[in-house]
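A.B. asks: Right, I'll just put the structure down here and ask away after.
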Amino acid sequence: SEARHAVHLLRARCDAILVGFGTAVADDPELTVRISGLEHRSPVRIVMDRRLELPLGSKLVRTARDVPVVAVAGLEADFASRREALMAAGVDVLETSSLADLLAVLAERGMSELLVEGGARVAKAFLEAGLVDRILLFESPVVVGEGGVESPLQRADIPEEFTFVGETAYGPDRCFEFERPL
């Protein structure tokens, strides 16, 4: 519960939070700040949704008029009917050709801090593209699900260009912070 609270505080400080389509479907997350008095600080919620398949009944779509949601589609195909359905539900649809282009568009919209929360494929894609400034790696002694939840990296896998900044304890959980020097 302490680590979950820390994550919600982190969300409250960010302009936007991003997850992949797989995480959006598997977890049906809200991606909001759920700390009493800070709910209004919920960031823009972004889903990497190449084919615009985000379910209209998902929590993200159902709450898009309350807390903005952006579905990021690829440029490779036209999904006019899906685009129209999502937009009618209040979802902003954005088409980009790369993660760097996405970050440029978000910067143009005044967003300077993006929290890439999951899943593993999306986090790895940002790391491999060199678009990560800071890594907060939460570890818990509790295993979630059969065989655990896939993590994009372990402490031993942190790229060499990142420097260890510190460790914070949240009850039995730990958060290891790494930064890329400017």
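A.B. asks: Top to bottom by accessible area (1.4 Å), largest first, where do Ile17, Ile158 land?
C.D. replies: Output order, biggest surface exposure first: Ile158, Ile17.
A.B. asks: His5 accessible area, nearest 10 Å², 1.4 Å probe?
C.D. replies: Solvent-accessible area, nearest 10 Å²: 90 Å².
A.B. asks: Can you pull out the GluC sites (Glu not before Pro) in region 86-126 that DSSP calls coil and that have at most 14 other Cβ atoms within 10 Å?
C.D. replies: Glu113
A.B. asks: How much mean residue ellipticity at 222 nm does the chain get from its helices, if each DSSP H run of length 4 or more adds -39500 (n - 2.57) and you divide by all residues, to the nearest 500 deg cm²/dmol?
C.D. replies: -7500 deg cm²/dmol
A.B. asks: For region 2-88, which GluC sites (Glu not before Pro) are in a loop by DSSP, counting at most 16 other Cβ atoms within 10 Å?
C.D. replies: Answer by residue number: Glu30, Glu53, Glu76.
A.B. asks: Regarding the chain, what's the average projected area of the Cα-atom convex hull, expressed in nm²?
C.D. replies: Averaging across all directions leaves 11.2 nm² for the Cα convex hull.
A.B. asks: Gaussian network model of the chain, Cα springs within a sub-10 Å range: biggest mean-square fluctuation belongs to which of Thr168, Thr63, Thr96?
C.D. replies: Thr168
A.B. asks: Right, another one. Mind listing the long-range amide H neighbours of Ala89? Cut-off is under 5 Å, sequence gap 5 or more, other chains count too, H placed in the peptide plane at 1.01 Å from N.
C.D. replies: So Ala89 has HN proximity to no qualifying residue.
A.B. asks: Taking 0.36 nm per residue of separation and subtracting the Cα-Cα distance, what length does fully extending Thr163 through Arg13 add?
C.D. replies: 51.8 nm
A.B. asks: How much accessible surface does Arg34 have with a 1.4 Å probe, in Å² rounded to 10?
C.D. replies: Approximately 130 Å² for this residue.
A.B. asks: Leaving out ligands and nucleic acids, note down the accessible area per residue over the chain with a 1.4 angstrom probe, in whole Å².
C.D. replies: About 56 Å² of surface per residue is accessible.
A.B. asks: Within the accessible area of the chain, what % is carbon and sulfur when the probe is 1.4 Å and the other protein chains stay in place?
C.D. replies: It is 51 percent, rounded to a whole number.
A.B. asks: Taking all pairs of different Cα atoms in region 41-146, averaging 1/r and flipping that mean, what Kirkwood radius in angstroms comes out?
C.D. replies: Here the Kirkwood hydrodynamic radius works out to 15.2 Å.
A.B. asks: For every other residue with a beta carbon closer than 9 angstrom to the beta carbon of Ala89, add +1 if it is Lys or Arg and -1 if Asp or Glu, then tell me the sum.
C.D. replies: Spelling it out: positives minus negatives among the neighbours equals +2.
A.B. asks: Let me know the charge dipole size of the chain about its Cα centre in debye, to the nearest 20, where only the beta-carbon of Lys, Arg (+1) and Asp, Glu (-1) is charged.
C.D. replies: It works out to roughly 480 debye.
A.B. asks: I want to check the label-to-label distance for Arg180 and Ser81. Put each point 7 Å from Cα in the C-beta direction and report it in nm to one decimal.
C.D. replies: 4.1
The values are calculated or read from the model by the stated rules, or taken from the named source; none is laboratory data. Computed from a predicted model, the values in this text were never measured in an experiment. Note that each Cβ is placed from the backbone with ideal geometry, even for glycine, and that neighbours are counted across all protein chains shown. Note: areas computed on protein heavy atoms with side chains; ligands, DNA, RNA excluded. Shrake-Rupley method; radii C 1.70, N 1.55, O 1.52, S 1.80 Å.
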